[in-house]
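Engineer: Below you'll find the structure I mean.
The values are calculated or read from the model by the stated rules, or taken from the named source; none is laboratory data. Since this is a predicted model, take the numbers as computed values, not measurements. Here Cβ is always computed from backbone atoms with ideal geometry, including for glycine, and neighbour counts include all displayed protein chains. What goes into the accessible areas is simple: the full protein's heavy atoms, side chains included, and nothing from ligands, DNA or RNA. Shrake-Rupley method; radii C 1.70, N 1.55, O 1.52, S 1.80 Å.
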Amino acid sequence: MIGLFDRLARPLLRALDPEDAHRLAIRLLQFAPLPPPARDDRRLAMRVFGLNFRNPIGIAAGFDKNAEVPDALLRAGFGFVEVGTITPKPQSGNPRPRLFRLDADGGVINRLGFNSEGADTVLRRLAARAAPSLSATANGGEWGGGIVGINVGANKDTADRIADYVQLIERFAAVASYVTVNISSPNTPGLRNMQQAAVLDDLLARVIDARERVAPQAGPTPVLLKIAPDLSLPDLDDAVGIARARRIDGMIVGNTTVARPAGLREATKAKEAGGLSGRPLLPLADRMLAETYVRVEGVFPLVGAGGIDSGASALAKIRAGASLIQIYSGLVFRGLGLVAEIKAALLDALERDRQNSLADHVGADAAAVTAEPWPR
Ligand SMILES: Cc1cc2nc3c(=O)[nH]c(=O)nc-3n(C[C@H](O)[C@H](O)[C@H](O)COP(=O)(O)O)c2cc1C
């Protein structure tokens, strides 16, 4: 079914303007009669921040920004879906064009700028699906609950950014499997300054406080922090130190990069402002993940995102330090079949090493990756 979907849809999607193609992909998923997913091999299961993932492959934030198709994505084989980024109030984001495909490089540049239908609409959608998801968890079902996290951000024109994060955590904790605090998108002016130590400490203190306040009604909700791959290593030291001190549940490493690695073939599109993702991001994303892993010392797990477009790059991400992985741009170039390809590659690696769990691979290469020359 997924193979058929890919074969029919992808040539069409590739011929369209990237943003129109994205809209159409969401529509197709809304109407595609995807059957429930086949049961995943038990060796792919991961227990991370208190949640049971049936496999470690998630779809990264930005694909289903408004929670229109989380269940279709779970049926397509993902182990978890991160919807968002959502902002408290609806906002339209930057003017089009704002999304560019670097075909020859396997990369994407976006400067969407948090286009969001806003919290009310997204909350309604997630509340409507929360009941079946929670009962699947209660049954201890093989589905692992259909894990759907929500990625939250601040409105562009807000007077108090931290208050935006706090209100979104309070409102969404009850309907989300976890919440990601996104302070790393390059397309909202000043947002990434929240990664600076004093602001980050205040943000995480208030966010964790909000989570604790609603926990009696909402239950335990893991809080993750998503960082940029462009942090300097001293800034990463600070971010990890604060994240550990404030006892957050995990980090996502990371978002798109404002850097433009040497050797991009799509030279004209590479000059577009925005965040670069996809294959050209892989070396930097893997390096920052490994640098984060060695600093975290196992205190909390990491989610690895950036540049995964094959089974090999997925396994490398796990070995660089990721307990879970997320993909977005790889789907643009490889289609939904990439999910099954990654699962097969991970199982091959387990067979080869006669292991029963992916946990044995997590971080196995982190120290080696940090010893390599810095990627350019
Ligand atoms: C079109 C597009 C939109 C994105 N929107 C968001 C977003 O709203 N929030 C966020 O945290 N990350 C967003 N991202 C970043 C992805 O979640 C991911 O961190 C990044 O693209 C690296 O993964 P990839 O190389 O597999 O795409 C977006 C990425 C793309 C390509």
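Engineer: For the stretch 316-376 and the stretch 4-53, write down the distance between their C-alpha centroids in whole Å.
Structural biologist: Taking the Cα centre of each part, the stretch 316-376 and the stretch 4-53 sit 19 Å apart.
Engineer: Roughly how much of residue 63 is accessible, in Å² to the nearest 10, using a 1.4 Å probe?
Structural biologist: Estimated to the nearest 10 Å², residue 63 gives 20 Å².
Engineer: While we're here: If you build a Gaussian network model of the chain, linking Cα atoms that sit under 10 Å apart, which residue out of 45, 314, 127 swings the most?
Structural biologist: Judging by the Gaussian network model, the answer is 127.
Engineer: What residues qualify as long-range amide H neighbours of residue 278, i.e. H under 5 Å apart, gap of 5 or more or another chain, H built at 1.01 Å from N?
Structural biologist: Residues meeting the criterion, in which the H sits 1.01 Å from N, are 108, 307, 329.
Engineer: Using the charge dipole of the stretch 218-288 (Lys, Arg: +1 at Cβ; Asp, Glu: -1 at Cβ; taken about the Cα centre), state which of 220, 248, 283 has its Cα farthest towards the positive end.
Structural biologist: Positive-most Cα among the choices belongs to 283.
Engineer: Follow-up question, since we're still on this one. For the residue pair residue 265 and residue 19, what label-to-label distance in nm results when each label sits 7 Å from Cα along the Cα-to-beta-carbon direction?
Structural biologist: Reported label-point gap for residue 265 and residue 19 is 2.7 nm.
Engineer: Rg to Rh for the stretch 171-304: what is it, with Cα atoms only and Rh by Kirkwood?
Structural biologist: Values: Rg = 15.9 Å, Rh = 15.8 Å.
Ratio value, two decimals: 1.01.
Engineer: How large is the dipole of the chain about the Cα centre if only Lys and Arg carry +1 and Asp and Glu carry -1, each at its Cβ, rounded to the nearest 20 debye?
Structural biologist: Values: 45 positive and 41 negative charges, 126 e Å.
The calculated dipole for the chain is roughly 600 debye.
Engineer: For the chain, set up a GNM with springs between Cα atoms under 10 Å and report which of 330, 118, 219 has the largest fluctuation.
Structural biologist: In the Gaussian network model the winner is 219.
Engineer: Continuing with the same structure: State, as an integer percentage, the relative contact order of the stretch 272-376 based on alpha-carbon contacts under 8 Å between residues 6 or more apart.
Structural biologist: Details: 153 pairs, mean separation 34.1, N = 105.
Rounded, it is 33 percent for the stretch 272-376.
Engineer: Express the accessible area of the stretch 76-134 per residue in Å², computed with a 1.4 Å probe while the remaining protein chains stay in the model. Kindly include the intermediate steps, with their values, before the conclusion.
Structural biologist: Numbers: 2070 Å² over 59 residues.
About 35 Å² of surface per residue is accessible.
Engineer: Sticking with this one: Rounded, prolate or oblate: which fits the chain, taking a ≥ b ≥ c as square roots of the Cα gyration tensor eigenvalues, rounded meaning a/c under 1.5, else prolate when a/b beats b/c?
Structural biologist: On the way: a/c = 1.07, a/b = 1.05, b/c = 1.02.
It is rounded, given that a/c, with a ≥ b ≥ c, falls under 1.5.
Engineer: Continuing with this model, one more query. In the chain, what percentage of the DSSP-assigned beta bridges are antiparallel, given to the nearest 5?
Structural biologist: Details: 13 of 41 bridges.
DSSP beta bridges in the chain are roughly 30 percent antiparallel.
Engineer: Arrange the peptides 352-358, 84-90, 193-199 so that the one whose residues have, on average, the most other Cβ atoms within 10 Å appears first. Please report the intermediate quantities before stating the final value.
Structural biologist: Working: 352-358: 11.9, 84-90: 21.3, 193-199: 14.7.
The densest-packed peptide leads the list: 84-90, 193-199, 352-358.
Engineer: Follow-up question, since we're still on this one. If you average the sequence gap of Cα pairs under 8 Å that are 6 or more apart and divide by the length of the stretch 236-288, what percent do you get for the contact order? Before the final figure, lay out each step's value.
Structural biologist: On the way: 25 pairs, mean separation 20.2, N = 53.
Reported relative contact order: 38 percent.
Engineer: Over the stretch 1-93, what relative contact order in percent results from Cα pairs under 8 Å that are six or more residues apart? Let's see the in-between values first.
Structural biologist: On the way: 100 pairs, mean separation 22.4, N = 93.
Once divided by the residue count of the stretch 1-93, the mean separation gives 24 percent.
Engineer: I would also like to ask the following. Please list 297, 341, 372, 68 in order of solvent-accessible area, largest first, computed with a 1.4 Å probe with all protein chains present.
Structural biologist: Details: 297 130, 341 70, 372 100, 68 40 Å².
From most exposed to least exposed: 297, 372, 341, 68.
Engineer: At 7 Å along the Cα-to-beta-carbon direction for both residue 174 and residue 42, put a label point, then send me their distance in nm to one decimal.
Structural biologist: The answer from the label model is 3.7 nm.
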